[in-house]
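What follows is a set of notes on a single structure, which appears directly below.
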Amino acid sequence: MREAIITDLEKIYHKLYAGLGPQHWWPGETPFEVMIGAILTQNTNWGNVEKAIINLKKAGLLEPGRLFKLPHNRLARLIKPAGYYNVKARRLKNFLRFFINAYGGDTRKMADRNTDVLRRELLAVNGIGQETADSILLYALNKPVFVVDAYTKRMLARHKISSVDADYDIVQQIFTRNLKKDVQLFNEYHALIVRAGKEFCRKTKPRCEICPLKSSQKSKAKS
């Protein structure tokens, strides 16, 4: 059973990579920028997040201390393109308070922390859920943690690897227990799934006929 799952996961990765190429994700000039982006991208697309980050850069505020001291209303206005700006302003403040108090606003100190301990700390911050925490761990801090999102759940369910209602931890374990715990692999794999989910494995009107995984889908259908 496990051998079959490993084979399926490897096939999916290699077919996506061959069909879509490297994704160069996550876009961001610094680990801190990636962390801010991971919070801002909740419930919106990356294009909107980029606009918000550009606003912060132009204002010279993309630095932990300056951002934390910023009045709520001004922060909300600057990140408005990312949507839910009042909620996200509060979430950013919550994260920044934790980041500064626990790690002095230093991403290097944060990266030195034990992964499991750090994940629990992140999840204790109001407004940071599993996907956001794991995005910070993987993409900003280079921790071998697989990020699960709606695209991941949908793709695995359609390829009969997990059930459509499987929870986050179960789906994550499918990857972490059956693949080598490698930062680059987990980074590229998740980025490829996101790309394929947006372009082919859509929630409605999926474009299976032109998906790089087309042959895999056919073989699954026959089994």
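The values are calculated or read from the model by the stated rules, or taken from the named source; none is laboratory data. Since this is a predicted model, take the numbers as computed values, not measurements. Neighbour counts are summed over all protein chains in view; Cβ atoms, including those assigned to glycine, are modelled from backbone coordinates with ideal geometry.
Annotations for the structure displayed:
- From the options Ala140, Ala124, Ala133, Ala111, residue that is under 30 Å from Gly65 (Cα atoms), of a type in the set (A, V, I, L, M), touching a Ser or Thr at 6+ places or on another chain (Cβ under 9 Å) and modelled with pLDDT of 95 or more: Ala140
- Criterion: aromatic (Phe, Trp, Tyr), modelled with pLDDT of 95 or more and within 21 Å of Pro27 (Cβ to Cβ) - qualifying residue of Tyr151, Tyr168: Tyr151
- Failed criterion for Lys205 (all others in (1) in a helix (DSSP H, G or I); (2) surrounded by fewer than 13 Cβ atoms within 10 Å (Cβ to Cβ); (3) free of Cβ contacts under 8 Å to residues at least 40 places away in the same chain hold): (1)
- Of the set (1) in a helix (DSSP H, G or I); (2) over 22 Å from Asn43 (Cβ atoms), all apply to Ile161 but (1).
- Odd one out for Val171, checked against (1) part of a helix (DSSP H, G or I); (2) closer than 28 Å to Gly65 by Cα; (3) β-branched (Val, Ile, Thr): (2)
- Arg195 satisfies every condition listed in (1) surrounded by fewer than 21 Cβ atoms within 10 Å (Cβ to Cβ); (2) assigned to a helix (DSSP H, G or I); (3) out of contact with any helix residue (DSSP H, G or I) (no Cβ under 7 Å at 6 or more places or on another chain) except (3).
- Scanning region 6-26 for residues that are at positive phi and either at pLDDT below 95 or buried (at least 19 other Cβ atoms within 10 Å of the Cβ) (or both) returns a single hit, His24.
- Listed by first and then second residue, the pairs with beta-carbon distance under 7 Å, at least 6 apart or on different chains, first residue in region 147-158 and free of Cβ contacts under 8 Å to residues at least 60 places away in the same chain, second of a type in the set (S, T, N, Q) and part of a helix (DSSP H, G or I), are Val147/Ser135; Val148/Gln172.
- Output for region 98-143, where each listed residue is touching a residue at least 12 places away in the same chain (Cβ under 8 Å), more than 19 Å from Asn43 (Cα to Cα) and among the hydroxyl-bearing types (Ser, Thr, Tyr): Thr107, Thr115
- Residue check: Ser163 meets all listed conditions (1) at pLDDT 95 or above; (2) surrounded by fewer than 19 Cβ atoms within 10 Å (Cβ to Cβ) but one, namely (1).
- On inspection, Ala124 fails the criterion of being over 12 Å from the mean Cα position of the chain (by Cα) and surrounded by 18 or more Cβ atoms within 10 Å (Cβ to Cβ).
- Pairs, first aromatic (Phe, Trp, Tyr) in region 168-180, second part of a helix (DSSP H, G or I), C-beta under 6 Å, six or more apart: Tyr168/Gln130
- Against the test of being surrounded by fewer than 16 Cβ atoms within 10 Å (Cβ to Cβ) and either of a type in the set (Gly, Ala, Ser) or closer than 26 Å to Leu122 by Cβ (or both), the options Glu29, Glu33, Glu50, Glu3 yield a single qualifying residue, Glu29.
- Helices (runs of 4 or more DSSP H) wholly inside region 27-97 containing at least 1 residues that are among the acidic types (Asp, Glu) and either under 25 Å from Gln130 (Cβ atoms) or free of Cβ contacts under 8 Å to residues at least 12 places away in the same chain (or both): 31-40, 46-58
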